[in-house]
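A short write-up of the structure that comes next.
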Amino acid sequence: MSSDVSYFHTRKRIVELGRLLVKKGLTHGSSGNLSARVGENTVLITPSGVPYFEMRPSDIVEIDLEGNVISGKFKPSIERFMHLEIYKSRKDVNAVVHSHPINSSALAIVREPLPVLTEEFVIYVGGPVELARFEQAGTIELGKAVVEALGDKKAALMSNHGLVAVGKDLDEAEFVSEIVELHARMYILAKSIGKVNVVPPEIVEKWKEYYYKINEELSNY
Ligand SMILES: [Zn+2]
């Protein structure tokens, strides 16, 4: 049975982080979408077409893993199938944030992945951010393409569309969105003034060990 009360904190956080994405310029109006896994077969997701600054916690829609509405007066986000494909394939993921940040989207338009530019990037994201092949918005195919591009990492670019970030919780998924967008900006800026030197692969591999270790430890909580 659904319980609006027990999910209130998560609903509230979805709305707060949606507004934060807009404030930080990572998305605008009602674009992008956020979700959180709150049960084995239950996900809370932003409604379709409601601007974040008009959205209330009670507007967040409760759906099952097949995309059926369990409770809520609005339609769930059109991108729900992408969110659900991610939850089905990644047991470590409990939150998905999809946004349209300008620099990450620009890379997705020229269809270029984001290489590793700083060591800390590996700790937070897990390695280079790959590009998901172009698929139509709102389809399960887009979800499958994003899952493929994500691999075991925490972000993927969507061709001609935007960015997807995931995390153990909503705050992590929002933070990863910020980190990726910041590095996309660095990359475009660096490219415009000279040759881009990426972090050598052997160093990326070393930091990746920490990435796995941290995620392993977190999954035991
Ligand atoms: Zn979108």
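Every residue in segment 66-88 that is away from the ligand (no atom under 12 Å from the Cβ) and open to solvent by 60 Å² or more (accessible area, probe 1.4 Å), please. Within segment 66-88, Glu66, Asn68, Val69, Ile70, Lys73, Phe74, Lys75, Lys88 qualify.
Using the structure shown, decide if Val180 is within 16 Å of the ligand (Cβ to nearest atom), in contact (Cβ under 8 Å) with a residue 40 or more places away in the chain and open to solvent by less than 20 Å² (accessible area, probe 1.4 Å). Yes, satisfied.
Taking the criterion of being more than 15 Å from the ligand (Cβ to nearest atom) and either surrounded by 24 or more Cβ atoms within 10 Å (Cβ to Cβ) or closer than 16 Å to Thr139 by Cβ (or both), the only residue of segment 90-106 that qualifies is Ala95.
Looking only at helices (runs of 4 or more DSSP H) that lie completely in segment 75-184, which have at least 1 residues being of a type in the set (Lys, Arg)? Counting at least 1 such residues, we get 80-89, 140-150. Listed conditions (1) within 16 Å of the ligand (Cβ to nearest atom); (2) touching an Asp or Glu at 6+ places or on another chain (Cβ under 8 Å); (3) among the hydrophobic types (A, V, I, L, M, F, W, C); (4) open to solvent by 10 Å² or more (accessible area, probe 1.4 Å) are all met by Ala165, apart from (4). Examine segment 18-32 for a residue that is β-branched (Val, Ile, Thr) and buried (at least 16 other Cβ atoms within 10 Å of the Cβ), and state whether such a residue exists. The answer is yes; a qualifying residue exists. In the set Glu130, Glu119, only one residue is open to solvent by 60 Å² or more (accessible area, probe 1.4 Å) and under 14 Å from the mean Cα position of the chain (by Cα); that residue is Glu130. Only residues that are within 13 Å of the ligand (Cβ to nearest atom) and out of contact with any strand residue (DSSP E or B) (no Cβ under 6 Å at 6 or more places or on another chain) were counted in segment 135-150, giving 7.
The values are calculated or read from the model by the stated rules, or taken from the named source; none is laboratory data. All values reported here derive from a predicted model rather than from experimental measurement. Here Cβ is always computed from backbone atoms with ideal geometry, including for glycine, and neighbour counts include all displayed protein chains. Please note that ligands, DNA and RNA were not included when accessible areas were found on the heavy atoms of the full protein model with its side chains. Shrake-Rupley method; radii C 1.70, N 1.55, O 1.52, S 1.80 Å.
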